[in-house]
Structures are given as structure tokens and as C-alpha cells.
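Engineer: Here it is: the structure, laid out below.
The values are calculated or read from the model by the stated rules, or taken from the named source; none is laboratory data. All of these numbers come straight from a predicted model, not from anything done at the bench. Counting neighbours? That spans all protein chains shown, and the Cβs are built from the backbone with ideal geometry, glycine included. Areas reflect the complete protein model, heavy atoms only, side chains present, ligands, DNA and RNA absent. Shrake-Rupley method; radii C 1.70, N 1.55, O 1.52, S 1.80 Å.
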Number of protein chains: 4
Amino acid sequence: MLKVAILGATGYTGRELIKILLNHPEAQIVYLGTRREDRPQISQIHPELTGRIEAACEKLDMELVAGRTDFVFSCLPHTASMDFVPQCLDAGLKVVDISADYRLRDAQIYEKWYEAEHTDIQHLAESVYGLPELFADDITKARLVANPGCYPTGAILGLAPLVSRGLIELENIIIDAKSGISGAGRTPSPTLHFPECNESVAAYNVGVHRHTPEMDQILSQLAEKEISVTFVPHIVPMDRGILSTIYVHLAKEISQGEVEELFADFYKEAPFVLLRKDDLPATKDVWGTNFCHLALRSFGRKAVIVSAIDNLIKGASGQAVENMNLMAGFERTEGLL
Amino acid sequence: MLKVAILGATGYTGRELIKILLNHPEAQIVYLGTRREDRPQISQIHPELTGRIEAACEKLDMELVAGRTDFVFSCLPHTASMDFVPQCLDAGLKVVDISADYRLRDAQIYEKWYEAEHTDIQHLAESVYGLPELFADDITKARLVANPGCYPTGAILGLAPLVSRGLIELENIIIDAKSGISGAGRTPSPTLHFPECNESVAAYNVGVHRHTPEMDQILSQLAEKEISVTFVPHIVPMDRGILSTIYVHLAKEISQGEVEELFADFYKEAPFVLLRKDDLPATKDVWGTNFCHLALRSFGRKAVIVSAIDNLIKGASGQAVENMNLMAGFERTEGLL
Amino acid sequence: MLKVAILGATGYTGRELIKILLNHPEAQIVYLGTRREDRPQISQIHPELTGRIEAACEKLDMELVAGRTDFVFSCLPHTASMDFVPQCLDAGLKVVDISADYRLRDAQIYEKWYEAEHTDIQHLAESVYGLPELFADDITKARLVANPGCYPTGAILGLAPLVSRGLIELENIIIDAKSGISGAGRTPSPTLHFPECNESVAAYNVGVHRHTPEMDQILSQLAEKEISVTFVPHIVPMDRGILSTIYVHLAKEISQGEVEELFADFYKEAPFVLLRKDDLPATKDVWGTNFCHLALRSFGRKAVIVSAIDNLIKGASGQAVENMNLMAGFERTEGLL
Amino acid sequence: MLKVAILGATGYTGRELIKILLNHPEAQIVYLGTRREDRPQISQIHPELTGRIEAACEKLDMELVAGRTDFVFSCLPHTASMDFVPQCLDAGLKVVDISADYRLRDAQIYEKWYEAEHTDIQHLAESVYGLPELFADDITKARLVANPGCYPTGAILGLAPLVSRGLIELENIIIDAKSGISGAGRTPSPTLHFPECNESVAAYNVGVHRHTPEMDQILSQLAEKEISVTFVPHIVPMDRGILSTIYVHLAKEISQGEVEELFADFYKEAPFVLLRKDDLPATKDVWGTNFCHLALRSFGRKAVIVSAIDNLIKGASGQAVENMNLMAGFERTEGLL
């Protein structure tokens, strides 16, 4: 039984991680860390866990973590995460970091977008980007996995087959994403006050969202050329889910059937990617699941890809467990179906 | 043209008041006050007002108000309101106070429930409770009207005919109210963060909500006996609306038809109370209106009254304008149909 | 491995049942029946099941069911259920019926409220009401369990300790329930069209909802006296969850602490009932779980009980699996934590 | 006082039209037509109108309409509308048609997209496209105005300045629109059943929505070249509002400031178009108003335009009244601020 620590258990990704791990036959939660001053029962923080787990949050003490656990999930916010991850690694633990701290290979890009110095360059170099559909082999061998952002997960899965086979114009990629509000975290703010964001849809951070360099990095790697996508996120009045509508120019005319075949082939061993052919995915279809549903439509040289994920599962905690499964040698889908 | 000041224009009741007054043929907004340090355009605070009113918020300066206006709406929170209302009255202005400061006749009860000293006992004594269905004559002559709370408005309108005619057991009145979230105001909090209160319904302040003594006071006055209701408010994931489901014991068996006749008679001159006979009101039926829809069902000696209002209109700003209309000698429905 | 059939798999209770059983270590779905003419893959009906179960719906053929399965869940609507249940029982299968067909012991009451003749009086007599907190022993021995309605589950759990200990006035029980919209099933109607019921709360079937005689029957049995509750259901704009606010008169003055102790004692062996002492339950706290959260408040001789369940889990499919666990000799919580 | 008829008063556009006209100082509703067999009071159909208008729906009888009214709004669905509009025009009435029947100048395109023969080619030729920001002069002189579709309104307003000044690549226009659910009308369907579309976002009719040829027609006219946009509509769980996120390639590099100046100049006399410079519009900012809020962001040669309208007001009934105001010689903003 793998002994698991969760750092930062009081947010939404922590909560979802706990719920998934409670049904995981080979992992056991033995430590729940928080930066809070008090030491609440986790069920006081997340009442839906009452009767399912009895455990108090503990302070973030890496000696405790090292002495008691084999595997660490960091759900801490960016910059906080890189304060603790090095100690976990040095103690011989494996880590999936859900923050953004180890996603961007270039520390300067990190510093530009996150407006903070990167203080753990050493481990940044060895971190593996935790998108199992693309990097399963590396993840299997990794001791530090950077769990992808929610928007990049949905967008990259929708684009990877086309980009890696050189079938689209790389300078004309548009990602229009619509996210439920849990994606913004658990901290109250005027914008996320119910009567402000309910019954409303809005774009935000047009062209300047921090997930943009992450998409660019991975897509560029696949294309072996510099890619700079146009990314516009939107907030939609619902708890969770991300729908990414992706607009591309095909490099040559290809029939929709051929594109679908390409996707089917590319994802033939991907247990969590599903190609919808007859209808279009709604985010509700993946609610609470680790699946990404994709659909394609092409018109001459233009194509639209629709990608649906649950931002808290495939876009965060589910994918984190998928990564753990690979790193620990478990069945990749364990606890996730 | 009545020159109107709004103190505390940046909240939800301020916004709704502005929207109503913009369509009022005999009133004109000439002052928008705020406790904020900056002086924003009101359309920056409420973007839906853009292009409909161009005015900057001003600081709360009673000389300005006195010099420029005839009539004051205070949308300030309780305790803040009684800091300014006396000066308005002393300057000869008429005032509708939307806060709770002048609703409870007994300052000790105010102090108990609001945990603050009442600092304007003098004007408290002359204030009139602004429920026009019951007190139109007094309101017409008043210079200070205390606008009722949202919950009391819906509940009292549902109970007044029965209580004032002595037809129910006074010790057995239960009010189960369901409110949209704007009722809690515009300040963000963990409880009102979208992913916390969306897709959820909850009771709060069971038996200890501050609107309880207000209901007790008015109903006791109608009954000419002490009444102490059981009141449980609930929060429902929607922007606005209050549905009050009221449970009473009839003092004797009366047919549903007779009760309906009683209500029809009691409210025969009330332009904003509507008795629904064939179906039941939903809060959506009164969305954005100053109406209260009522329906009755009786079973032997038990009866249920359902009352629907828009908490921001009949429960706040609409009723405030209705009071202004009476105080200024306008048609009672002016600007409200 | 228990071989399970689901009759009527295309509705919401069927979907939730499948999701629960997919994670149940001792039960396996081997038959999915539908009254539809076509034979769709179940994942076409419930896209969220894609990749988790591959199975086509089959027509309702009791020979197939009898030949292949050990245990039957009927998710058929009332009257349709009693067309198939007898054949299942005669074939030696055990049955949990989620419809209303076997809940009311008195066929005349059934016929009055459901406006249909009861055609299986024989098995009605042996059916056990499937509320495990009250009837676990009988359920364990039963071959036909009538799964409780969603509203009765929440209400009876909130009342049972008080009623069975004779601590409340039986003629003064009021249940004000607020339900998410999935409780009304999957058939579109004008009332449940999104722009009609969104942003609105409404009462319906005041005093005449079909779940009323079910509550009366069980509570009367506990009290050993006739009870007739006042029950008013409401529709709230959310997918799922029921909050029942229950108003009672205590037979004598009892402190809140004593009432809480009574509840704690009454439910000391109930794995899915949780008493909240410090705060009040929201339906979100039980979302997707088989728990019922209860809270109590008393004021002199009046008391309020708040009860929260997920109408599709503890109020339907989760409780059905809980019953299966008891009937099949599994751990009662298997698959449900 | 202009005497107004509404054909098809029982849907959402009819309801909104009535609400606007009730506050219009120069127009009076004198006829409410329906295709229903019964003759309900309009307040039975739209309970929120109770106490504000007392009128029964009448059958669609053009003699009645001609004898009693000066001006007709048709809120009938497409194909039904062109059954009645000719008779209104022949009787000398002016008409705003909210259906799609007179929007597409080329009857063959109509027939292809709407799969119905166009039976009123004669009046089609004279109809004017009712987007006042572009065609106010023609509307003023028209006797038949085709009110624009909701999606085209938001999209064309966002594109018109750029297209008409030749500043973008015409083959690369992408419109990603997110609509509230009232846009789909009042008829229940499985897709719009609350528990299906709530808490979910989905694309639909990708590249094949009927509003596409309408956008193409108007934009082509502005560009004086054939344009074929890529249009993907989405459904968002809210009552109303459309946010259109529009992606274009600038023909040359232009600064964001210059583009904003261009828009400010283009719309300098447009009372209902508002350019947001400092922040981005949410659909809530235009809820219930006839405004279109626009914002621009440019990055090198790429630009994003965000356009927010209320689909039922600027996207339907508000714009219809704006057109009436022009056709009848009233102030353009009358009844709409």
C-alpha cells in the first residue's frame, strides 16, 4: 500500500484528490498538510468527506512527511510549492506537483509570467510534464512530475495529433476555452461572488493567461518549431468543466473522416481520451471523470476541435493520480474508472 | 421634479434604486453618495448602467445633500445609516431608510439583535414602517420611513389578513423562507463564493435571524397581542427572489374559498399584491417587479400561504420608491409598473 | 460476484446505480433493460459512462433476466414496475424496486394516490420498506425491498428518533422540503425547461404530493398512532439534493443537547447518518454521497430539524445498493464510501 | 399613440416586447395574437405580466389586426411569419418581423438553410435588415424590417468597423459565441431539460448554424466581397445573454489604441454601442438592456473582439422596438433606456 501525503489539502484539488484516493485500492492517505494555523479535521473543511475519512490536517513539516510517507502530492499554490518539493525529493519521496512551479522548463519564462523568482532550478531540470497521453514513458521513470494546468490539458489533447503530424498551420491556432468557476480556486473575490458571476459569461486575461506559455512549450516540443497560440479563457456559471473550442487551419485539405482516423490512431492506447463521432461533447459528459472527450469538424482547410474535461479531475487531481499510478507501477486507470 | 439623493449607491439596493428612478417621470437622481475613498463613475461600479446615467459617486457630505436635494434614500448598512439620517431630517429633507436602523420601535430590541447602540432615539420615535399595504396613510404623512426588510415584507404580506382578523393561532406561525443570494449583499465571503453556494440549498440563522423581531413587531401590532414567529431563512442558488412558505393553524375551520375572499378583500386596494388562485407563484413570476404574489391552501384547520417577491424590488428598492411616491404625493405605482 | 440486472437503465436513477455498481467489488452489472424500442449502448444514453462500461440496453425480457442474473433493481416508473417484479420474484431473484409500487402497504391508499389499480397485492404483502436505519433486520431477510421515495428518506430520518420515542406532538409535524430538479425525472416538460425553472424557486403539490402517504405510513408505524404530516415540496434550481426543514412541537421542554444525544444514540449504528452539531448542513455537503446530514435547533417547546440528502443517492440509487448489500450479505457500506 | 399588434405573443420575444412597450410613452399594445387554440389572458402565459397588462390573446386574424392597429411585430417562428406579414403590409401596416423570414435576401439561400420554400419573394425584396447601427436611414423609410438574429447582432457589431474599413483578412474570421438558453425558445426538449443543460457548456451546430448565412450576407455587403465566417455557437447554463469572442487577422499591424479609435469613431452616433476600454464586458453588464458592449485586444497582427448583448433585448425585442422607433419617427432610444 503506497503511503501518500497531500500538501495543501484544504482547496478544491486537495478535496478531489482525497475523494479519488479513498477509492484507490493501492494507495492510502497518511498525511494531510495545510498552511493554516489551526489543525482542523479535514471533514470540517470539506463536509462531504464526513464519515469517509477521519483525519486532522497537520502543519507542513517535511520531517513528518518524510518519516511517514512514500509519495507526495503538492496542491500548494505556485511559489509555495517549490518551498517544499525539494525537501520531499531529497528525502527520497516521489512527487506530483499540481502547482505551476515545475511546468515551464525555462525559469525565465516562469519568472516573467509568474512574477516570482524560481528557487529550485535544480529539480526543475528533471521534472517531467505529467500529460500521460504524451509522456507516459518519462512519467513512469520520473520522481518529480509537474501536473499540467487545466486549460493546457484540454487544449493540448485536442491539438497534439495534428501538431505532431505537421498537419496544421502552426501560426494560426486559436483556443477559446470556457471554464467552470472552481478553476479559479477557493478564495472569495468580488468577481466570483455568486450574484456577480452567476447568470453571466465573460472572457478574462485575453491573450495573457498564465497557461499560455505552458501550451506553447508543449506544442512547440511536439511540432519541433516555435508555436505561439492565441488563447482566450472564459468564465461560465457552473462549478466545473472546461470546454475548449479550438480553431485551426489544415496544412492541406483532409476529410473529416481522415482526421478522425488520425485521432483514433494517435489515442489508440489512451484510456482516458474518447473520440465522439456522432455528437458533440458537453462538459457534463465528463463531470467527475478523468476523461477527455474530443470531437472534430472540418470544412475545407478549416477545422474545429472541441475538447471537454473536468477541470478538477483530468485537469488536476485525476490526472495527478494517473501520474501516481504510472510512477508507482500501478495500473494506469486504477481508482479512476 | 423631485431631486433625489442616494446614500450608499454602490451596493445592490443602490443599483436597483437607480434603475427604477431612471424610468420615474417625476424624480431625478442628483446625488450618489458612497463611503468609498475614490470617486468612481457609477457606471464603473454597475456596468449595466453605462449609457443610462453619467454621474460620479460623491463622498457622504450632508451639506452637499442638503443643498442639492429634496429626498434621500439611505442604502447604507445598519448603524452607518443612523449617522447620516438625522442630518438629512434636520435639513428638512424626507428620508426612506433601507437599513434596519429605524425599523424596530424598541431601541433595546434593536440593540440586542444588532449588537449596537441606537444613537438616534429621537427620530426612531417618529419613523413609520414602510409597508404601504398596511401603513399607507402614515407613510403619506411621514418624513422618515423605515423601509421593511426583505423577509418581513414577504412574510407579513402573507400573514396580515389572517392575523389582523384574528383567524389564526398566534403561537403557531412558521415562516420558511428561501432567498436568492443578492439578499446577502455584495461583499464576498467564503459562504457566497460561487462554487460553495451554487448547486446547494441550506438553512442559516435558524430561529435567530435579525428579521425575526421585525416580523414579530408588526404582526403583534396587527394582532394587538404578542406574537413570536418561528422563522427559518434559506439560501437558494439564484440571484434574487424570496419565496416564503408560511404554515398556520386556523382558529376555526374556514374553507379555502373563504380565506381567498378574505385576502381579496384585505388587498382590494393594494396595487402590488396579487392573489394567485389557480396555480402557485414562483419567484420568477415577480422577478424585477414590485409585486407580491400570494397563494393559499387550506386543509381542515391547517393552512399554507405561499408568498413570492423580488427581494431587491418589493423587498427593498421598489418598495422604497413606492414609499417615496406616497411621501411626495405621486401616484403610488409611478415608475413601478 | 453478484450478477445484477437493472430494469429501466436510461433514467437518472439507472445512471447513478450503474456508476455506483461499477465501483462495487462484489456486484457486476450483467443486464440493462429498457422499454425503448431501440437498443442503444448505455454510453449513448449516458455519455458520462463512456469508457467505463460497454453494454447495450436490452429489451425487458424476464427470461433473459432470470437466466442471467441473481439480483434485480427496478428503476421503472410506478405501475410499470409491478408488471415485471412478480416474474423476477417467481424466478427466484431478489428485487429492490425503486418505484413506488411496493411502498404503500394498503393497496387502496396506493390506488387513491397513484390513480391506478395495484395488480400485485400478493407480493406487496411481503415487501419490506427499504430504509436501513429503521428496518435493517427485515431488509436482510427480504426478497423484495421497496426503496423509499427521496422526500420520505430525508424526512423520516429527521423525525424517526423523536417520533419513535414519543417526544413530539404528532398532529403538528411540518415538512418543508427543497429539491433539485433531477428529482422530477428525465422527461422534458414546460415546467422543467431551463429558462422556466432556472433562477426561480416554487412550491408545488402543496399538501397533495404522493410521497405524503409514504411518510404518514412509516411515521405512524413508529409512533404506533395515526400521523398525518403537512408536507410541502419545493423545486430549487440545482441538479440534485434535498433539504428538508422539519418543524415540530416537543411534547415537553427538552434541551437541544438532550435532543442531540437522543439522535446520536438512535443513529449510533447508522453508518450513513451524520449529526452536525456546530453548523448546518447544505445539500452540497452530501452531493454524490449516501449520507444524510442532520442538525437540530430547539427553542422552548419548538424544534427545527434540518435534513440533507442527495435525492439520487441516499434518496434513490445509493440506498438501493445499501439495501442490496444487506440482502446479499455484503458489508452495508460496500461501494458507498 | 401608435397602436401596436404582437403576433405570437406567448414566447420569450413576445414577453420581452410587451414589457418594453408597457414603458413606451408613444406606443400602446392593442392586439396580442397567438396560434394557440385557447384564448388565455396574457398574464396566464407570462405570470410576471400580472397586474401590468390585462389582455386576452386573440387568434391570428389579419382583419382584426388591420382594423385595429398601425404597427405589427411578428414574433412567429420562421415560415409561419411569412404567412401573415404580406397581409399586414397589404393592409398598410408597418411590420418588424422578428423571425428569419425576411433576413436573407437570396430566397435560395433561405430555402437551403431553412429547408422551406420562401412564399413571399415580393416583400422579401423590399425588406430592410434591421440593424440600426448600420442601416438606420433605410429602416427609417422601410415598411418591412427584418429584425436581425441574436447571434448576428452581436457578431456584426463587433466586426463592422473592421470589415467596412478593409482592415482585416476576410477569409479568417472566427466567431465563437456563448448563449444563454432562452435563445433556443420556449419549447421543452431533452437537450434543454434543466438537469441536462445545467452545470454544462457545449458547442452545437458547429459550422452549420442558420445564423451563419445572415452574418455572411451583411459582412459581405460591408466588405463588398464574399465573406464566409467560421461560426461556432455554444450553450451556457444561464437564462440570457450572448458573448461573442471574435478572432481576426489584421491586414496590417495596427495598435490597440488605433483600433479603439476606429471603433469609437464608427459608433460615435450609436446610442446602444458602448466601447469598454479598461475592462472586458460580461453578459451580465447588458442584462435586460438594449446595449452592446464591445472590447478589443490586439497582439501584433492578431486581434480579439469581445461583444456582449442580451439575446432577448438587443438580440431580439429591444432592437425590434429600436426599429419601430425609427420607422415611426420616435426618438431612437424611446422606451429603451
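Engineer: Given an 8 Å cut-off on Cα distances and at least 6 residues of separation, report the relative contact order of the range D:2-126 as a percent.
Structural biologist: 23
Engineer: Shortest first and in nm to one decimal, what separations exist between residue B:1 and its copies in the other chains, measuring from label points 7 Å along the Cα-to-beta-carbon line?
Structural biologist: Reported distances to equivalent positions: 2.5, 7.7, 8.0 nm.
Engineer: Same structure again: Taking a probe of 1.4 Å and counting only protein heavy atoms, give the total accessible area buried between chains D and B in Å², rounded to the nearest 100.
Structural biologist: Adding both sides of the contact gives about 1700 Å².
Engineer: What length, rounded to one decimal in nm, is gained on full extension from residue C:252 through to residue C:108, with 0.36 nm per residue of separation minus their alpha-carbon distance?
Structural biologist: Full-extension gain reported as 48.2 nm.
Engineer: What whole number of Å gives the distance from the Cα centroid of the range C:79-110 to the Cα centroid of the range A:37-52?
Structural biologist: 41
Engineer: Follow-up question, since we're still on this one. Considering the rotation that carries chain B onto chain A, locate the chain B residue whose Cβ comes closest to its axis and report the distance in whole Å.
Structural biologist: Spelled out as residue then distance in Å, it is B:188, 2.
Engineer: If you don't mind, there's one more thing I want to ask. Straight-line reach from residue B:112: which aspartates and glutamates have a Cα under 17 Å away, not including same-chain ones fewer than 8 places off?
Structural biologist: Result set, ordered by chain and number: B:101, B:120, B:214, B:216.
Engineer: Separate question: Once you average over the residues of A:304-310, how many Cβ atoms of partner chains fall within 10 Å of each Cβ?
Structural biologist: 3
Engineer: Next question. For the range C:183-337: lysine pairs with Cα atoms under 22 Å, gap of 8 or more or different chains, count?
Structural biologist: Taking the Cα cut-off of 22 Å, the pair count is 9.
Engineer: Which trypsin sites (Lys or Arg not before Pro) in the range D:183-229 sit in a loop by DSSP (not H, G, I, E or B) and have at most 14 other Cβ atoms within 10 Å of their own Cβ?
Structural biologist: Taking the range D:183-229 and a limit of 14 other Cβ atoms within 10 Å, the loop trypsin sites (Lys or Arg not before Pro) found are D:225.
Engineer: If you don't mind, there's one more thing I want to ask. Just the ratio, please: alpha-carbon radius of gyration of the range B:41-91 over 2.2 N^0.38 Å, N its number of residues.
Structural biologist: 1.31
Engineer: Then there's this: Where the centroid of each part is defined by its Cα atoms, how far is the range D:139-194 from the range B:146-191 in Å?
Structural biologist: First find each Cα centre; the distance between them is then 43 Å.
Engineer: Further question on the same structure: Per residue of C:231-237, what is the mean number of Cβ atoms on other protein chains within 10 angstrom of that residue's Cβ?
Structural biologist: Going residue by residue through C:231-237 and averaging, the value is 6.
Engineer: Let me ask something else. Roughly speaking, what % of Cα-Cα pairs in the range A:9-114 are separated by over 23 Å, rounded to a whole number?
Structural biologist: Tail fraction, whole percent: 29.
Engineer: Once the Cα atoms of helix A:81-90 and of chain A are each reduced to a long axis, what angle between those two axes, in degrees from 0 to 90 to the nearest 10, is obtained?
Structural biologist: 70
Engineer: Turning to a different aspect of this structure: Can you give me the three principal axis dimensions of chain C from its C-alpha atoms, in Å, biggest first?
Structural biologist: If we take the Cα atoms of chain C, the spans are 59, 46, 39 Å.
Engineer: Can you pull the percent of the range C:150-311's accessible area that's carbon plus sulfur, 1.4 Å probe, other chains left in place?
Structural biologist: Percent of accessible area from carbon and sulfur atoms in the range C:150-311: 48.
Engineer: Show me the ranking of peptides B:172-182, B:198-208 by mean Cβ neighbours inside 10 Å, starting with the highest.
Structural biologist: Taking the mean over residues of other Cβ atoms within 10 Å, the ranking is B:172-182, B:198-208.
Engineer: Given the protein assembly as shown, what percent of its DSSP beta bridges are antiparallel, to the nearest 5?
Structural biologist: For the protein assembly as shown, the DSSP antiparallel bridge percentage is about 45.
Engineer: So, R0 is 51 Å and r is the distance between the beta-carbons of residue B:138 and residue A:187; what FRET efficiency does that work out to, to 0.05?
Structural biologist: So the FRET efficiency works out to roughly 0.60.
Engineer: Expressed as a whole percentage, what fraction of the accessible surface of the range C:1-97 belongs to carbon and sulfur atoms when a 1.4 Å probe is rolled over the protein heavy atoms?
Structural biologist: The value for the range C:1-97 is 44 percent carbon and sulfur by accessible area.
Engineer: Determine the shape class of the protein assembly as shown: with a ≥ b ≥ c the square roots of the Cα gyration tensor eigenvalues, call it rounded for a/c under 1.5, and otherwise prolate if a/b is greater than b/c, oblate otherwise.
Structural biologist: rounded
Engineer: Further question on the same structure: Given chain B, what percent of its DSSP beta bridges are antiparallel, to the nearest 5?
Structural biologist: About 45 percent, rounded to the nearest 5.
Engineer: Take the alpha-carbon centre of the range C:290-319, take the same for the range C:231-254, and report the distance between them in whole Å.
Structural biologist: Comparing the Cα centres of the range C:290-319 and the range C:231-254, I get a distance of 8 Å.
Engineer: For chain D, what does the relative contact order come out to in percent, with C-alpha contacts under 8 Å and a separation of six or more?
Structural biologist: 18
Engineer: Same structure, new question: Within 13 Å, Cβ to Cβ, of residue D:200, how many net charges do the neighbouring residues add up to if Lys/Arg are +1 and Asp/Glu are -1?
Structural biologist: -4
Engineer: Do the sum for chain A: with -39,500 (n - 2.57) for every DSSP H run of n ≥ 4, divided by all residues, what is the mean residue ellipticity at 222 nm, to the nearest 500 deg cm²/dmol?
Structural biologist: Result for chain A, helices only: -9000 deg cm²/dmol.
Engineer: Find out how many positive minus negative residues lie around residue A:318, taking Lys and Arg as positive, Asp and Glu as negative, among other residues whose Cβ is under 12 Å from that of residue A:318.
Structural biologist: It works out to a net charge of 0.
Engineer: Which of the aspartates and glutamates could a cross-linker span from residue D:59 if the Cα-Cα distance has to be under 12 Å and same-chain partners fewer than 8 positions apart are dropped?
Structural biologist: D:37, D:38
Engineer: Counting pairs of alpha carbon atoms under 8 Å apart in space and at least six apart in sequence, what relative contact order in percent does the range D:134-229 give?
Structural biologist: 42
Engineer: Another question about this same structure. Over all distinct Cα pairs, what is the inverse of the mean 1/r for the range D:144-294, reported as the Kirkwood hydrodynamic radius in Å?
Structural biologist: 16.5
Engineer: Also, quick follow-up: Residues in the range A:235-275 near a label at residue A:301, defined as backbone nitrogen under 12 Å from the 7 Å Cα→Cβ point?
Structural biologist: From the range A:235-275, the list is A:249-254.
Engineer: If you don't mind, there's one more thing I want to ask. Along Cα→Cβ at 7 Å, what distances in nm separate the residue C:90 label point from those on the other copies, shortest first?
Structural biologist: Copy-to-copy label distances at residue C:90, shortest first: 6.7, 7.6, 9.2 nm.
Engineer: Could you give the size of the charge dipole of the range C:2-126 about its Cα centre, using +1 on the Cβ of each K and R and -1 on the Cβ of each D and E, expressed in debye and rounded to the nearest 20?
Structural biologist: 440
Engineer: Distances from residue B:36 to the same position in the other copies: list them in nm, one decimal, shortest first, using label points 7 Å from Cα along Cα→Cβ.
Structural biologist: Label-point distances to the other copies, shortest first: 3.2, 4.5, 5.3 nm.
Engineer: So, one more: How tilted is helix B:132-141 with respect to the longest principal axis of chain B? Cα atoms for both, answer in degrees (0 to 90, nearest 10).
Structural biologist: Roughly 40 degrees between the two axes.
Engineer: Can I ask one more? If you place +1 on the Cβ of every Lys and Arg, -1 on the Cβ of every Asp and Glu, and leave all else neutral, what size is the dipole of chain D about its Cα centre, to the nearest 20 Debye?
Structural biologist: 460
Engineer: Quick check for you: with a 1.4 Å probe and neighbouring chains kept, what is the accessible area per residue of chain B, in Å²?
Structural biologist: Accessible area per residue: 34 Å².
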